[in-house]
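Okay, structure first, notes after.
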Amino acid sequence: MTEVEARVHPALRGLDEGVDAEALIALRPKTYAAFDAVDDAYLRPEVGDGLSLAARAFVAWTAASLVPHKRLAEECKQELDAVYSGEEPALWGVMAKHVALMVKSPATAQKADVDALLAAGLTLKQLVELAQIVAYVTYQARVLHGMRMWQKEAR
């Protein structure tokens, strides 16, 4: 990996050959900085009573896969593989169902959907964290899709 690639957000590394990722970042420097800050806050460190790092990576990968954004999903899968211990908690199935609801049809969500997560063992803090990760990943996918459009127009 080159020095420039090391500074570029992982999902941007999948842009086509010859694309100046740094020039694209320069178009939205605050967005790029926010990506790094949110990654650090939600997807990197262990947080006491929040979701485990593996669970957060699972939520991010599930959301990126459903958006869909292939490159972002690949990056999230690499993060998941790096922290996954091999045993899938039963809670992940309930979380995946809720992530799909939030990504595909958020307007249809009901109180019963939240109650199911709480009944499965998620705390309110974990539920909020799950929602924040889904919101971040879907936002990130939209920004990256937009950068791809800029990339095509620049040619």
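The values are calculated or read from the model by the stated rules, or taken from the named source; none is laboratory data. Please read all numbers here as calculations on a predicted model, not as lab measurements. Note that we place each Cβ from the backbone using ideal geometry, even for glycine, and neighbour counts take in every protein chain shown.
What single numbered condition from (1) crowded, with 18+ Cβ neighbours inside 10 Å; (2) over 22 Å from residue 38 (Cα atoms); (3) among the hydrophobic types (A, V, I, L, M, F, W, C) fails to hold for residue 122?
(2)
Please report, ordered by residue number, the helices (runs of 4 or more DSSP H) entirely within region 45-127 with at least 2 residues that are of a type in the set (D, E, K, R) and more than 11 Å from the chain's Cα centre (by Cα). So that I can check it myself, show each step before the final result.
Numbers: elements: 53-66, 70-83, 91-104, 111-120.
Here the list reads 70-83, 91-104, 111-120.
If you check residue 32 against the conditions, is it closer than 16 Å to residue 147 by Cβ and either of a type in the set (Ser, Thr, Tyr) or over 13 Å from the mean Cα position of the chain (by Cα) (or both)? Walk me through it before giving the result.
On the way: closer than 16 Å to residue 147 by Cβ: yes; either of a type in the set (Ser, Thr, Tyr) or over 13 Å from the mean Cα position of the chain (by Cα) (or both): yes.
So residue 32 passes the test.
Tell me the residue from 99, 143, 94 that is over 30 Å from residue 26 (Cα atoms), in contact (Cβ under 8 Å) with a residue 40 or more places away in the chain and surrounded by 14 or more Cβ atoms within 10 Å (Cβ to Cβ), please. Reasoning before the result, please.
Numbers: 143 fails: over 30 Å from residue 26 (Cα atoms); 94 fails: in contact (Cβ under 8 Å) with a residue 40 or more places away in the chain.
Within the list 99, 143, 94, the selection yields 99.
Can you tell which of 37, 26 is surrounded by fewer than 18 Cβ atoms within 10 Å (Cβ to Cβ), farther than 18 Å from residue 146 by Cα and modelled with pLDDT of 75 or more?
After ruling out the rest, the residue left standing is 37.
Kindly indicate the residue of region 65-91 that is charged (D, E, K, R), at pLDDT below 90 and more than 17 Å from residue 137 (Cα to Cα) and also surrounded by the most Cβ atoms within 10 Å (Cβ to Cβ) among those meeting that condition.
The extreme case among them is 88.
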